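Here is the structure we will look at, set down as structure tokens.
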Amino acid sequence: MDFAAAHIGNWSGYRRFQWALGAVGWGRFPVLRRVLPEGNGGEVSPEDAGEALRELADFSTAGVIGIRAELYDESGALVATQNPAFGGLFTMGPGYRVGIDDNGLFVTGGDDEELFRARRIGQRTADDGCAWLTDLDHPSRGETLVPTVLPGGASRLLTRSRPYSAGDFAYTVEALTKIFRASVEIRSPVYWT
């Protein structure tokens, strides 16, 4: 008996969208702030869905929202994107975290001590699932052993920054627009699952 259904995104992408709404200014999106779920479950009334549609249209005109860092391998392939909703982290394991921000790639230990940071990175994998990292801009600092191999095992990695824009969230906006429109059209709530 579903009239419409849409996959809004994985939790990482959804949290990134919430971050973007906050970066633009939650004051512009009070209904979205109230009705977007923090977990599975809940519902949105057709009246709130109508207001949410207006707020989504407003968000789509926001333009540049902020700057994000990205990590590329030596072929130029994108291997990781900063998620500001999670402090830039993209890999976590027992006793370590790996992320990117405006200052490059970073690896921290269990006590959040920074073990490594660089914008241009050399990587040499070890047999035990670890990797030796080198700051290619400061090779005299030597290698740092970290408890994980960075994405794809590339021998060279590079961070770059580029603007986040409202268009980067088009998938989420389109999915939300679809379900909110359906709610308004048939006067039935949206149910989060």
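The values are calculated or read from the model by the stated rules, or taken from the named source; none is laboratory data. The shown structure was predicted, so the numbers you read here are calculated from the model rather than taken from an experiment. No Cβ is skipped: glycine too gets one built from the backbone with ideal geometry, and neighbour counts run over all protein chains shown. Ligands, DNA and RNA are stripped out before the accessible areas are found, and what is left, the full protein with its side chains, is counted by its heavy atoms. Shrake-Rupley method; radii C 1.70, N 1.55, O 1.52, S 1.80 Å.
When each full DSSP H helix of the chain is screened for a Cα extent of at least 15 Å along its own axis and an average Kyte-Doolittle hydropathy of at least -0.5, the helices passing are 11-24, 170-186. Between the listed residues GLY95, GLY63, PHE29, the Cα displaced farthest toward the positive end of the dipole of segment 16-129, a dipole computed from Cβ unit charges relative to the Cα centre, is found at GLY63. Electrostatic bookkeeping for VAL44 treats Lys and Arg as +1 and Asp and Glu as -1; over the other residues with beta carbon under 11 Å from its beta carbon, the sum is -3. Note: relative contact order over the chain, using C-alpha pairs below 8 Å and six or more positions apart, is 28 percent. Computed about its Cα centre, the charge dipole of the chain is approximately 400 debye, with only Lys, Arg, Asp and Glu carrying charge at their Cβ.
Rounded, prolate or oblate: which fits segment 78-188, taking a ≥ b ≥ c as square roots of the Cα gyration tensor eigenvalues, rounded meaning a/c under 1.5, else prolate when a/b beats b/c? It comes out prolate by the Cα gyration axes. Using the 1.4 Å probe convention, the accessible area of the chain works out to 52 Å² per residue with neighbouring protein chains retained.
Highest-first packing order for the peptide set 125-131, 95-101 is 95-101, 125-131, based on the mean count of other beta carbon atoms within 10 Å.
In this simple spin-label approximation, HIS138 and THR125 carry label points 7 Å from Cα along the Cα→Cβ vector, and these lie 2.8 nm apart. Summarising the label geometry, the points placed 7 Å from Cα in the beta-carbon direction at GLU174 and GLU47 lie 3.2 nm from one another.
Here the label points at ARG156 and ALA23, each 7 Å from Cα along the C-beta direction, are separated by 2.9 nm in the simple model.
So what's the gap between the Cα centers of segment 98-169 and segment 2-75, to the nearest angstrom? For segment 98-169 versus segment 2-75, the Cα centre distance is 29 Å. Over segment 23-67, the fraction of Cα-Cα pairs per 10 Å bin, rounded to whole percents and listed from the shortest bin up, is 25, 50, 23, 2.
Under the rule a/c < 1.5 gives rounded, and otherwise a/b versus b/c splits prolate from oblate, where does segment 107-172 land using the Cα gyration tensor? Since a/c reaches 1.5 and a/b is larger than b/c, the shape of segment 107-172 is classed as prolate.
Per atom type, the chain shows carbon and sulfur on 50% of its accessible surface, probed at 1.4 Å. Calculated FRET efficiency, THR148 to ARG15, Cβ-Cβ distance, R0 = 22 Å: about 0.50 to the nearest 0.05. Across the chain, Cα-Cα distances exceeding 25 Å account for 46% of all pairs. So which chymotrypsin sites (Phe, Trp or Tyr not before Pro) in segment 1-49 are both in a DSSP loop and have at most 11 other Cβ atoms within 10 Å of their Cβ? Counting only loop positions with at most 11 other Cβ atoms within 10 Å, the chymotrypsin sites (Phe, Trp or Tyr not before Pro) in segment 1-49 are PHE3. When the Debye formula is applied to the Cα atoms of segment 52-140, each taken as the same point scatterer, what base-10 log of I(q)/I(0) results at q = 0.11, 0.23, 0.24 Å⁻¹? Values returned for q = 0.11, 0.23, 0.24 Å⁻¹ are -0.41, -1.27, -1.35. Expressed per residue, the C-alpha convex hull volume of segment 1-80 stands at 139 Å³.
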